[in-house]
Amino acid sequence: MKRILMTAGVAVLALTTVVAAQGYTFNTNLTVGSRGADVVALQTWLVANGFSIPAIESGAAAKGYFGSQTKTAVMQYQASRGIPNTGFVGPLTRGALNAGGGVVTVPGGTMTTCPAGYVCTPVPGTTNPGTVSGPTGITTPGVAGTLVASLQSTPSNGTSLSKGQEADVATYKLQAGASDMAVTSLQLDFDNRLWLYAGSIKVLDGSTVVAEKSGLTVNDFVEMTAGSQYRLTIPVNYVVARAGTKYLTVHIAMLPSSDRSSATLSIINAIFRSVDGTGVTDSQTIADDRSFSYTGSNNGSVVVTVDATSPLQGLVQVSTSNQTDNVVLAVYDVKVQNTNGVLRSLTLVPHTNGPAVTQLFGDIKIKVNGQTYSASTISSTTVAFTNLSVPLSADVYTPVTVYGKVNQDTNNSLDGAMASTSWAVSGTAGGSSNNPVVEDSSYSTMAVTSGTFVSSDLTYSASSASLSNLSATLGNAITSTLTSVVSYPVTMSFSVTAGNSTLYVAAAPGDALATSTTITGGIASSSLSIVTANPSTLSGDNATYFVVPAGSSRNFTYAGSLKSLYGDGIKTFQITGVYFGTNTTNFSKNTTGSLINYNLGTLKVTPVY
């Protein structure tokens, strides 16, 4: 049967004997994650005195590891002894255990000594409890005190560490007030998953190790803020004498075999917990900004290019009554090299020639791996996509298609507007300017190969034209034995679709078409001299232009030839654009006709030898 020891001025009479930690002295603070002989002795004592640890009692777990069930048993014991039931075995709890489980008895059942770690006050009519003491190591029993902690300037920010290296990263000055102050723990909050980079942390007084946490794992940390704040508690048994000053240094050793990408790690907070001569616990928090860097050797990197299917220059017909959705603005390719990755964010830069981006587009989206994501923010300078979680396979180009939702053109303010996007990619591994942000399997940001990739200009109009049914063919060579001239028949065709206005296309091929010819040596010529339309004639046609009525399509076929000397001459020939107009006076390249910049196809001439 257990008897409770009352503290803070109440003596205990007629106590009965309990099972004590016979022959064992607890000198080390213990908490969740602690291992070793102290933990075995603690668990043995707790179970023997009725403080249940189910996993050990059932045989499911061996003694020696301080887990959640052991913490619960310690809390129950502390509550039964009037000790703050935190589950942490510090000076107060160790003092009680070392005095015989918190109760000291003599024949006849009268207390003759005060348990170490307690302050006992005689009560009239009872036996003097004997020695009066404060928490273990304190020489000022019964005296209240404070502890003031501050960050020192050395070591400075930016200590650089590689795998297997270790260094001091922060030093704290501790000043005690009127009482000795027993430091029981140091809590450090990190902004990154430290256990993925470091193997151990030591707390040093000069070269003396005051406390240490080694073999760091995720179980040693508490996630205070998801993804950004991780707390490590280091038990400490250290006394700062009254009116005295001490300096404690945090020393970190990086893992010897880590191949993670480079990263910057910061201590967000340092929290010192201490006990004064009256047994009162004090807590000092230092809002820290001390950082240190890890230089990794992970070769993972990110490459961005423009996909071959990204739209060329052209015209996009938009509506005057509804938004035009799913207009492809660009297609980029992203590849992570050497390792799988996860796309977390990317930022594009929009370019327009007149209306603001937000006036032209109602939304901008990307589609990756079959999933569509809307932009988080759209401004005149950036289109940002954040909070992504897109898996990317190693060494495979993954297309990122950029879509725009073009606003309706109710007052012709968008007629003729042009837009494109660019993607400026850059960033060192672990840096803050990565674009895109791609993480590897261990949450490290990978380096990005720098470059700027720009999509083609697309022109938007509700009253203009669009092209379709594009084709280009090259006939068999016809060789003149008299002149040594090789002639190739050429046919090119396309359909023009009008929007809300009637369009006019020049009848003369030279006025209607923009062409490009590449000649390699010799005398060569190219011409498109014959044009036919389908429908062949429409109301309004004349010798100068063809009419494409509003809301309809008309097909045009151009025929001609490419000529060169035998064995030499033209290499390629292509139509690069079509001129058109919305009135009868401005429709050709010789006036002010609008140009649809579009590659209709490339014809290659192979000389005959």
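The values are calculated or read from the model by the stated rules, or taken from the named source; none is laboratory data. Every value quoted in this text rests on a predicted model; they were computed, and no experiment measured them. In this analysis, Cβ positions are derived from the backbone assuming ideal geometry, glycine residues included, and neighbour counts consider all displayed protein chains.
Annotations for the structure displayed:
- The residue of region 373-395 that is surrounded by the most Cβ atoms within 10 Å (Cβ to Cβ), among those that are touching a residue at least 12 places away in the same chain (Cβ under 8 Å) and β-branched (V, I, T), is V383.
Each row is one residue, and each column tells you yes or no for (1) of a type in the set (V, I, T); (2) under 27 Å from D180 (Cβ atoms); (3) not assigned by TED's automatic domain parsing to the domain that holds G362.
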residue	(1), (2), (3)
A243	no, yes, yes
I268	yes, no, yes
T285	yes, yes, yes
D289	no, no, yes
L315	no, no, no
V318	yes, no, no
T339	yes, no, no
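- Verdict on V10 being within 26 Å of G277 (Cβ to Cβ), modelled with pLDDT of 85 or more and not assigned by TED's automatic domain parsing to the domain that holds N237: no
- Selection status of T93, closer than 23 Å to M181 by Cβ, without any contact (Cβ under 8 Å) to a residue 12 or more places away in the chain and surrounded by 17 or more Cβ atoms within 10 Å (Cβ to Cβ): no
- Taken over region 463-509, the criterion of being assigned to a loop (DSSP other than H, G, I, E, B), under 30 Å from L414 (Cα atoms) and touching a strand residue (DSSP E or B) at 6+ places or on another chain (Cβ under 7 Å) is satisfied by S464, G499, T502, A507.
- Qualifying residue in region 357-369 (condition: without any contact (Cβ under 8 Å) to a residue 60 or more places away in the chain, surrounded by fewer than 18 Cβ atoms within 10 Å (Cβ to Cβ) and of a type in the set (A, V, I, L, M, F, W, C)): no
- Residues of region 535-556 that are not small (G, A, S) and not in a loop (DSSP other than H, G, I, E, B): Y545, F546, V547, V548, R554, N555, F556.
- Restricting attention to region 42-77, the residues that are closer than 14 Å to T93 by Cα, aliphatic (A, V, I, L, M) and out of contact with any strand residue (DSSP E or B) (no Cβ under 7 Å at 6 or more places or on another chain) total 3.
- Checked against the criteria, T16 counts as loosely packed, with under 13 Cβ neighbours inside 10 Å, modelled with pLDDT under 55 and among the hydroxyl-bearing types (S, T, Y).
- Those residues of region 316-356 which are assigned to a strand (DSSP E or B), buried (at least 18 other Cβ atoms within 10 Å of the Cβ), of a type outside the set (A, V, I, L, M, F, W, C) and within 19 Å of the chain's Cα centre (by Cα), in sequence order: K335, G341, R344, T347
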